[in-house]
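Quick notes on the structure that follows.
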Amino acid sequence: MFKRILQLLYPDVCFACAKTLLDAEKLLCTNCLFDLPRPGFFLSKPNWLSLKFDGWMEYQDAQCFFLFSEGGRVQKIMHQIKYQGAQNLGYFLGAWCGKELNKYNCATIYDLIIPVPIHQERLKERGYNQAMCIAEGISDKTQIPISSQCVERMSFSQTLIHQNRQDRFTVLEDVFQVIDSREFLGKHVLIVDDTLTTGSTMLALGIKVKTAGAKKVSFLALAALQ
Ligand SMILES: [Zn+2]
């Protein structure tokens, strides 16, 4: 009863389009569930996403679940996961992504998920790492274990908008540090992040992990800019 009154006063709305949700809907409305732009997994290479990684390191695959565009619904979703405390939405979409990955038997491909770490100061201020929420959803559905303590982020990323690709990469080279390589030695690591624009951050982490002994490295972003 009380819940009902609360719902009338503060109706649950879709995180993507802000439409009031029906009783059976959760976090996103049915329309958005079907309609959000998804490119599909394991596209043949080279493709628009692999081009962001090709030539920088030896990697297996680079994929994303959603496409985002400036001002679009996916960008709105990602903003809420990252800055508005919507950890449950991150987990929910990670779990959905995990279910889709299961269609490709991903548990037989990847041995370990490493969510891109955020800096300790940022973690304190935000209270959570959005990449971790997403990774937990993926892990729960695929049963691929997560390692969140093997690498750490040493510095806040600087504003990279005005730098070219090589400069961005040089800046990012020392952002991550390996704490314990035993967790991923000889394993196929799937690096998971919330959003991917240039791919430089994921690449910087991927190179660290590969150099420190991972057998293979792949990349998965919940949303990527095409
Ligand atoms: Zn919606």
**Complete:** For the pair K124 and R182, the simple spin-label estimate (label points 7 Å beyond Cα toward Cβ) gives in nm 2.9
**Item:** Spin-label pair E173/R38, simplified geometry with 7 Å Cα→Cβ offset, distance in nm
**Value:** 4.0
**Prompt:** Based on the mean of other beta carbon atoms within 10 Å per residue, what is the order of 108-115, 190-197, most packed first?
**Reply:** 190-197, 108-115
**Request:** About the Cα centre of the chain, how large is the charge dipole given +1 on each Lys and Arg Cβ and -1 on each Asp and Glu Cβ? Please answer in debye to the nearest 20.
**Result:** 280
**Request:** Using Cα centres only, tell me the gap between the stretch 65-90 and the stretch 24-49 in whole Å.
**Result:** 13
**Asked** With respect to the cross-link table entries K19/K208; K19/K99; K26/K215; K19/K216; K19/K52; K26/K210, which display a Cα-Cα separation exceeding 31 Å?
**Response** K19/K208; K26/K215; K19/K216; K19/K52; K26/K210
**Asked** What Rg and what Dmax come out for the chain when only alpha-carbon atoms are used, in angstroms?
**Response** 17.9, 59
**Request:** Find the relative contact order for the chain and round it to a whole percent, using C-alpha pairs within less than 8 Å whose residues are 6+ positions apart.
**Result:** 22
**Asked** Using a simple spin-label model with points 7 Å from Cα along the Cα→Cβ vector, what separation in nm is obtained for S155 and D12?
**Response** 4.3
**Request:** Collect residues whose amide H, placed 1.01 Å from N in the peptide plane, falls under 5 Å from the amide H of L27; neighbours closer than 5 in sequence don't count.
**Result:** none
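Any read-out appearing in this document is the output of simple, stated calculations on the displayed coordinates, not a laboratory observation. Owing to the predicted nature of the structure, the values given are computational and were not obtained by experimental measurement. Ideal geometry is used to build each Cβ from the backbone, glycine not excepted, and the neighbour counts take in all protein chains shown.
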